[in-house]
1. Tally time: how many residues in the stretch 103-142 are assigned to a loop (DSSP other than H, G, I, E, B) and either of a type in the set (K, R) or touching a residue at least 40 places away in the same chain (Cβ under 8 Å) (or both)?
2. Pick out the one residue from S38, S48, S95, S43 that is open to solvent by 50 Å² or more (accessible area, probe 1.4 Å), within 16 Å of ligand 2 (Cβ to nearest atom) and outside any loop (DSSP other than H, G, I, E, B).
3. Considering only the stretch 132-156, state which residues are within 16 Å of ligand 2 (Cβ to nearest atom) and either at pLDDT 90 or above or surrounded by 19 or more Cβ atoms within 10 Å (Cβ to Cβ) (or both).
4. Can you tell me how many residues in the stretch 203-213 are under 17 Å from Q188 (Cβ atoms), open to solvent by less than 10 Å² (accessible area, probe 1.4 Å) and modelled with pLDDT of 85 or more?
5. Yes or no: V90 closer than 20 Å to V4 by Cβ, β-branched (V, I, T), in contact (Cβ under 8 Å) with a residue 12 or more places away in the chain and open to solvent by less than 50 Å² (accessible area, probe 1.4 Å)?
6. Among the residues of the stretch 16-35, how many are open to solvent by 10 Å² or more (accessible area, probe 1.4 Å) and in a strand (DSSP E or B)?
7. Going by the conditions given, is L162 within 19 Å of T49 (Cα to Cα) and open to solvent by 10 Å² or more (accessible area, probe 1.4 Å)?
8. Being farther than 22 Å from G224 by Cβ and either not polar (S, T, N, Q) or not in a loop (DSSP other than H, G, I, E, B) (or both) is the requirement here; does Y13 meet it?
Amino acid sequence: MEGVVIRHLWKSYKDQRGQMHRGVQDIRMDWQPGEFISIIGESGSGKSTLAKLLLGLEVPDRGSIRMDGVELTALHFRGWKQQRRFLQGVFQDASGTMNPCRSIYTNIEEALVNLTGASAPQRRECLLSLMAQAGLSEKLLDVPVRQLSGGEQRRFALIKALSVRPRYLVLDEVTSGLDLVSAEAVLQLLERCRQETNCGVLWITHDRRSAEQVSDRIFQMQQGRLVLEGIHQIKTKEIVV
Ligand code: ADP
Ligand code: MG
């Protein structure tokens, strides 16, 4: 079955004092291939918990997440390695996804070598093309990740995720704190990738305007529960290079 299908997904957290905290409750969601879904909601409402569950970074208490027929909640290390190519994620704090001491080029090369069969010239071309689209200078390629600003690191993490041509992309507050021009460049890059590769995007944001600008559907997260808020027409935005 095509798409991501989430049913009865629950997650709570226990703190050091043994007190329980609600993460998400009884989530039900269908995410079609190529669909751009936004999730908005207050801080603490459970958005990042859902992102982490989707990416296998947290284990649900119960429930099911199927991606194109594969039950993700049942996967172990080897299974995740196989599915990672198809499902990628970027978080607001992108530092965890890249080795800070190594260059951007080495970091992204590594992902391309591990997850795709692309040749060395193809890998370089893919990377340079994505960088140009994201408004990032080629000069940054050999700079160690730790020397880049938080916003640059996040855009590179996004490029790393896009470079393996995933079928689904989970993005948690990736434009928070970016200036407007950079945020717009990120949205245009996503729209272009969606048109070229039919990549589905789950866009988690507190910025309702960006959600309305790009989404097919908008969900609202409220106290761990997900509520459909609106359906937008698929927009074909004019992309300016
Ligand atoms: P959002 O991303 O919408 O701000 P989160 O998913 O980060 O919300 O958090 C949802 C709830 O789960 C919050 O009440 C938060 O305190 C709690 N939570 C998230 N992660 C943990 C954790 N590791 N330990 C304890 N509680 C957590
Ligand atoms: Mg969050």
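1. Start the filter on the stretch 103-142 by keeping residues that are assigned to a loop (DSSP other than H, G, I, E, B), which leaves 116-119, 134-137.
Restricting the remaining residues to those that are either of a type in the set (K, R) or touching a residue at least 40 places away in the same chain (Cβ under 8 Å) (or both) gives 116, 134-135.
Qualifying residue count, the stretch 103-142: 3.
2. Working: S38 fails: open to solvent by 50 Å² or more (accessible area, probe 1.4 Å); S48 fails: open to solvent by 50 Å² or more (accessible area, probe 1.4 Å); S43 fails: outside any loop (DSSP other than H, G, I, E, B).
After ruling out the rest, the residue left standing is S95.
3. First, pick out the residues of the stretch 132-156 that are within 16 Å of ligand 2 (Cβ to nearest atom): 150, 154.
Residue satisfying the conditions is R154 alone.
4. Initially, the stretch 203-213 is screened for residues under 17 Å from Q188 (Cβ atoms), giving 203, 205, 207, 209-213.
Cutting the leftovers down to open to solvent by less than 10 Å² (accessible area, probe 1.4 Å) gives us 203, 205, 210-211.
Now restrict to residues that are modelled with pLDDT of 85 or more: 203, 205, 211.
Looking only at that region, the number is 3.
5. Values: closer than 20 Å to V4 by Cβ: yes; β-branched (V, I, T): yes; in contact (Cβ under 8 Å) with a residue 12 or more places away in the chain: yes; open to solvent by less than 50 Å² (accessible area, probe 1.4 Å): yes.
Spelling it out, V90 is indeed closer than 20 Å to V4 by Cβ, β-branched (V, I, T), in contact (Cβ under 8 Å) with a residue 12 or more places away in the chain and open to solvent by less than 50 Å² (accessible area, probe 1.4 Å).
6. 7
7. On the way: within 19 Å of T49 (Cα to Cα): no; open to solvent by 10 Å² or more (accessible area, probe 1.4 Å): yes.
For L162, the condition - within 19 Å of T49 (Cα to Cα) and open to solvent by 10 Å² or more (accessible area, probe 1.4 Å) - is not met.
8. On the way: farther than 22 Å from G224 by Cβ: no; either not polar (S, T, N, Q) or not in a loop (DSSP other than H, G, I, E, B) (or both): yes.
It is false that Y13 is farther than 22 Å from G224 by Cβ and either not polar (S, T, N, Q) or not in a loop (DSSP other than H, G, I, E, B) (or both).
The values are calculated or read from the model by the stated rules, or taken from the named source; none is laboratory data. This one's a predicted model, so the numbers in the text were calculated from it and none came from an experiment. A quick note on method: Cβ atoms are made from the backbone with ideal geometry, for glycine too, and the neighbour counts reach across all protein chains shown. Side chains included, ligands, DNA and RNA excluded: accessible areas come from the protein's heavy atoms. Shrake-Rupley method; radii C 1.70, N 1.55, O 1.52, S 1.80 Å.
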